[in-house]
Protein chains: 2
Amino acid sequence: MTAAATSTPRTREALAELDRRDPLAGCRDAFALPEGILYFDGNSLGPLTHASRRRVREVTERQWGRDLIGSWNVHDWIHLPLKVGDRIARLIGAAAGEVVVADSTSVNLFKLLAAALALRPERRTILSEASNFPTDLYMAQGLADLKGAGVRLRQVAPGDLTAAIDADVAVVTLSHVDFKTGELRDMAAVGRAARDQGALVVWDLAHSAGALAVDLGGSGAELAVGCGYKFFNGGPGAPAFVYVARRLQERARSPLYGWLGHREPFAFEACYAPAEGIGRFQCGTPPILALAALDAALDVFDGIDLADLRRKSVALGDLFLDLVEQECAGMGLEIACPRDGERRGSQVSLRHRRGYAVVQALIDRGVVGDFRVPDVLRFGLTPLYQRHVDVWDAVAILRQVFETRAFEDPRYDRRGAVT
Amino acid sequence: MTAAATSTPRTREALAELDRRDPLAGCRDAFALPEGILYFDGNSLGPLTHASRRRVREVTERQWGRDLIGSWNVHDWIHLPLKVGDRIARLIGAAAGEVVVADSTSVNLFKLLAAALALRPERRTILSEASNFPTDLYMAQGLADLKGAGVRLRQVAPGDLTAAIDADVAVVTLSHVDFKTGELRDMAAVGRAARDQGALVVWDLAHSAGALAVDLGGSGAELAVGCGYKFFNGGPGAPAFVYVARRLQERARSPLYGWLGHREPFAFEACYAPAEGIGRFQCGTPPILALAALDAALDVFDGIDLADLRRKSVALGDLFLDLVEQECAGMGLEIACPRDGERRGSQVSLRHRRGYAVVQALIDRGVVGDFRVPDVLRFGLTPLYQRHVDVWDAVAILRQVFETRAFEDPRYDRRGAVT
């Protein structure tokens, strides 16, 4: 399979042979993929697995429907956020008891940024990159506005980040994989630079968790958040997760003192006292249907070697880019992600002046990627169900969209659509 | 039906006749109630409706499964929080565009308390009652701790609340119905007392929305939150809602600057700018499976006159208390809710020294209520599916539990269970 990374096979048959030898080939059967779709949008919404389909029915119809309120005990709903957290922990290089599922990525980021500010009370700066995922920047702005007292979000250009970490920086927040360019950041190096200045880092793993072997523990990361609905295939708006390294747990505290994060949630004490451990980063009642869908979606990762996953993801990305260069030369496409697979997350990004229309034309032809302003075509690589031949077919259709100038169809003019 | 409020029929047959004449009788068919259960816990987790069961399958299997990311447009997932908000608005006396569904009740309370503090920047007190729902107090404590600068939560005894509203109170927060005693607060009177002192009020409608005709607009309420999983039957951990009166919307701002609350969520602008209207109180990506379950659960309210609902709820409560007095005299039970139906929410509360064991014994015998520390037995009244004969049967079983001293069974000793 790694052959694809060094020399692209020139025939579909050669790629089919790679697929036959793929150690992850069997995983595809776990997904309820619709016919006739090449789905390269797992980094926006992962597809349904058969396990999630069954589990949602079970939890809705038998647990909620039949066992009602008793399900919190009988089906142990109450511990599901911690149990699913432990399953995710294994996939992001964390230990059991360091991850809990709760709320949305945005809300969790707020919790951790606030916790970090409280751990560095003499510092006032939250540092990030201007190109970071917008909602992450917004949440930091909101926290700074709420705190007042000189707390601010400082945004710098990507290249300037580590140099900008100074003695006033309480916390750096950064996406592990850039949502547009797909660039993979060096978690250990950024962490070292922050630690050298006494600052903490909150990682957003939205575009890396479930797609590559994130190594929070090995790289010394203290704090991270991530989402359940992308590479973890947990369903639309699946709950997100929070990671706090064990060594910080006793001192780190969520500012959202919800009942489920209380030491004794059912004692109904008048005063808040945070639970021991990661449980304190829970807040309100968890969305059980969504959480169960996520739990079941993680089944497909059981027994998977994340190194295999990463190897195939890099191979699919190299193949995609090789084929684009080979098949779509002179069509105005530009590669917008790192060419070096080791520096790239699990997506390829291209640029084109008519990017929005090209993406719409592709979707109409069964190749589902997505568009990011102003001109980025984004294709998520999801080695659990994608085949090498899918990449071949997708690029063939991309070439056809250009050859037929299908993207000039006025139907593909930009509207206020969800992109 | 209202006859029950003044003189309790002495036979089950007379109650069955009331059920036959009940204008809400047909609603019961909308629910997928398990056989052999008398479910008096709709105020902790409402039961599954057939509509929610069908809708969860549809959204999971056909929308997510088949249409994948395109569902945000094709099935208009993106506007679901506002659409479901508008449906809830009608049920709580709000106008369209004043309610949005998002996050949990706790998180929404945090948003509104922070918004209220920002609207009264010269004031530093959040005022509540010590007997308010603990998570509401915790969230207020968390916000005060995060803000610092002298912001504090002040808790007073229930009777002292209005007198305690002074010129330093930015916001009062209160449950519309007390979770233990079931006491219904006078929303208009508290609102007037607050306004007289220039303070705002954030109402928690968790135990009133869907159970009685909440009249936010008519009582001049500015801010409220509520949950989807109790009387709205939206499923375990269903998303919650936020109400902001239109006249405050332009100035009120959530401190959780999530992308979905942005004026242009898909423009990926670097700076946060809140959406016009109630949409700004959204934060991250909404949990679509859970939100769809809630949306479908609201179908049962279509065409319902909330005055009928309230009338029947009061009648069921009066009947429950009459029967307890009649059947369970001398058994150590004490009525812990207002005897006057107009001052009571949609629940009855009793006290008993062995309350926990009594509730467990009832559950074992098919009567599902719940227990609240230290000694409260709580029975939710849900007129959409409960019958007068259900109350008769429940009290008969309660009597039997006392007569046989079933609660002394050591199996019912208190453990760390979810109660």
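The values are calculated or read from the model by the stated rules, or taken from the named source; none is laboratory data. Fair warning: this is a prediction, and the values are worked out from it, not measured in the lab. No Cβ is skipped: glycine too gets one built from the backbone with ideal geometry, and neighbour counts run over all protein chains shown.
Do we have A:Gly366 as over 30 Å from B:Leu289 (Cβ atoms) and within 14 Å of another protein chain (Cβ to nearest Cβ) here? Quick ask: steps written out before the conclusion?
Details: over 30 Å from B:Leu289 (Cβ atoms): no; within 14 Å of another protein chain (Cβ to nearest Cβ): yes.
No.
Among B:Arg21, B:Arg62, which is among the basic types (Lys, Arg), surrounded by fewer than 19 Cβ atoms within 10 Å (Cβ to Cβ), at pLDDT 95 or above and more than 27 Å from B:Ser208 (Cα to Cα)? Before the answer, list the steps.
On the way: B:Arg21 fails: more than 27 Å from B:Ser208 (Cα to Cα).
Answer to the check: B:Arg62.
In contact with a Lys or Arg (Cβ under 9 Å, 6 or more places away or on another chain), crowded, with 24+ Cβ neighbours inside 10 Å and more than 11 Å from chain B (Cβ to nearest Cβ) - does that describe any residue in segment A:135-155?
No, segment A:135-155 contains no residue that is in contact with a Lys or Arg (Cβ under 9 Å, 6 or more places away or on another chain), crowded, with 24+ Cβ neighbours inside 10 Å and more than 11 Å from chain B (Cβ to nearest Cβ).
Filter segment B:351-384 for residues that are basic (Lys, Arg), part of a strand (DSSP E or B) and without any contact (Cβ under 8 Å) to a residue 60 or more places away in the chain and give the result. Walk me through how you get there before you give the answer.
Taking segment B:351-384 first, the residues basic (Lys, Arg) are B:351, B:353-354, B:365, B:372, B:378.
If we keep only those that are part of a strand (DSSP E or B) too, we end up with B:351, B:372, B:378.
Hit for segment B:351-384 is B:Arg351, nothing else.
Can you tell me which of (1) within 14 Å of another protein chain (Cβ to nearest Cβ); (2) in a loop (DSSP other than H, G, I, E, B) is the one B:Leu291 doesn't meet?
B:Leu291 satisfies all of (1) within 14 Å of another protein chain (Cβ to nearest Cβ); (2) in a loop (DSSP other than H, G, I, E, B) except (2).
I need the full set of residues from segment A:31-67 which are part of a helix (DSSP H, G or I), facing another protein chain (nearest Cβ under 8 Å) and of a type in the set (Gly, Ala, Ser), in order please.
Of everything in segment A:31-67, those that are part of a helix (DSSP H, G or I), facing another protein chain (nearest Cβ under 8 Å) and of a type in the set (Gly, Ala, Ser) turn out to be A:Ser52, A:Gly65.
Filter segment A:245-278 for residues that are facing chain B (nearest Cβ under 7 Å) and small (Gly, Ala, Ser); which is farthest from A:Arg55 (Cα to Cα)?
A:Ala270
Starting from residues that are of a type in the set (A, V, I, L, M, F, W, C) and assigned to a strand (DSSP E or B), keep the ones in segment B:232-276 and report whichever is farthest from A:Phe371 (Cα to Cα). Even if it seems obvious, please write down each step before you answer.
Just the residues of segment B:232-276 that are of a type in the set (A, V, I, L, M, F, W, C), to begin with: B:232, B:238, B:240-242, B:244-245, B:248, B:252, B:256, B:259-260, B:266-268, B:270-271, B:273, B:275.
In the following step, the residues that additionally are assigned to a strand (DSSP E or B) were identified as B:241-242, B:244.
Details: B:Phe241: 31, B:Val242: 32, B:Val244: 34 Å.
Filtering first and then ranking leaves B:Val244.
For B:Gly317, only one of the following conditions fails: (1) surrounded by 24 or more Cβ atoms within 10 Å (Cβ to Cβ); (2) closer than 30 Å to B:Ile78 by Cβ. What is its number?
(2)
Criterion first (within 15 Å of B:His79 (Cβ to Cβ) and at the interface with another protein chain (Cβ under 8 Å from one of its Cβ atoms)) does B:Phe281 satisfy it? Before the answer, list the steps.
Working: within 15 Å of B:His79 (Cβ to Cβ): yes; at the interface with another protein chain (Cβ under 8 Å from one of its Cβ atoms): no.
No.
Within segment A:48-65, is even one residue in contact (Cβ under 8 Å) with a residue 24 or more places away in the chain and in contact with a strand residue (DSSP E or B) (Cβ under 8 Å, 6 or more places away or on another chain)?
Yes, segment A:48-65 has at least one match.
Scan segment A:115-143 for residues that are farther than 23 Å from A:Arg185 by Cβ, out of contact with any Asp or Glu (no Cβ under 9 Å at 6 or more places or on another chain) and assigned to a helix (DSSP H, G or I) and report the count.
Total satisfying the criteria: 1.
Applying the selection to segment B:351-374, what residues are of a type in the set (Phe, Trp, Tyr) and over 22 Å from the mean Cα position of the chain (by Cα)?
In the first step, residues of segment B:351-374 are kept if they are of a type in the set (Phe, Trp, Tyr); the result is B:356, B:371.
Correct list: B:Tyr356 only.
Check A:Arg87 against each of (1) facing another protein chain (nearest Cβ under 10 Å); (2) surrounded by fewer than 23 Cβ atoms within 10 Å (Cβ to Cβ) and name the one condition it does not meet.
(1)
Looking at B:Ala240, B:Ala209, B:Ala224, which is the one that is of a type outside the set (Lys, Arg), within 14 Å of another protein chain (Cβ to nearest Cβ) and touching a Phe, Trp or Tyr at 6+ places or on another chain (Cβ under 9 Å)? Can you show your working first?
Values: B:Ala209 fails: within 14 Å of another protein chain (Cβ to nearest Cβ); B:Ala224 fails: within 14 Å of another protein chain (Cβ to nearest Cβ).
Just a single option satisfies the conditions, and that option is B:Ala240.
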